[in-house]
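Notes follow the structure.
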Amino acid sequence: MSHFSSSDITEQYLNKFYEDLHKEQLNLMNNIKTASSDSEDKSKDKDITKQISLINALMMGALRLRNVKKASIARLNSS
């Protein structure tokens, strides 16, 4: 089963993906902190909060996938 090693989605790719998402999450949180409190900004805050929630889900998914792939490769290598 050598198809695992030829995958474009590697541990390094998933780590980079996670880091990029984390940077975006921090940028969005800073946007909320620096926004004023008028009603237009409240709407923007809701949109940003939705984005942060989706980014969190992607981050968790990337970590889970990375861990499953690592475990699968470790099992294959130990056989």
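Looking only at region 19-39, filter to residues that are assigned to a helix (DSSP H, G or I) and among the charged types (D, E, K, R); which one of those is modelled with the lowest pLDDT?
Here is the first cut: in region 19-39, the residues assigned to a helix (DSSP H, G or I) are 19-34, 39.
Filter once more, so that each one left must be among the charged types (D, E, K, R): 19-20, 23-24, 33.
Details: 19: 98, 20: 98, 23: 98, 24: 98, 33: 84.
Within region 19-39, the match that is modelled with the lowest pLDDT is 33.
Among the listed residues 50, 16, 42, identify the single one that is modelled with pLDDT under 95 and either assigned to a helix (DSSP H, G or I) or of a type in the set (Phe, Trp, Tyr) (or both). Break it down into steps so the answer makes sense when it comes.
Details: 50 fails: modelled with pLDDT under 95; 16 fails: modelled with pLDDT under 95.
Checking each option against the conditions leaves just 42.
Output the number of residues of region 52-79 satisfying the condition of being of a type outside the set (Ser, Thr, Tyr) and free of Cβ contacts under 8 Å to residues at least 24 places away in the same chain. Explain how you work it out, then say what you get.
As a first pass, look at region 52-79 and keep what is of a type outside the set (Ser, Thr, Tyr): 52, 54-71, 73-77.
From what is left, the residues that are free of Cβ contacts under 8 Å to residues at least 24 places away in the same chain are 54, 57, 60-61, 64, 67-68, 71, 74-75, 77.
Of the residues in that region, 11 qualify.
Criterion first (hydroxyl-bearing (Ser, Thr, Tyr) and over 16 Å from residue 9 (Cα atoms)) does residue 72 satisfy it? Walk me through it before giving the result.
Numbers: hydroxyl-bearing (Ser, Thr, Tyr): yes; over 16 Å from residue 9 (Cα atoms): no.
Spelling it out, it is not the case that residue 72 is hydroxyl-bearing (Ser, Thr, Tyr) and over 16 Å from residue 9 (Cα atoms).
The values are calculated or read from the model by the stated rules, or taken from the named source; none is laboratory data. Nothing here was measured: the structure is a model prediction, and the numbers come from that model. Backbone-built Cβ (ideal geometry, glycine too); neighbour counts: all protein chains shown.
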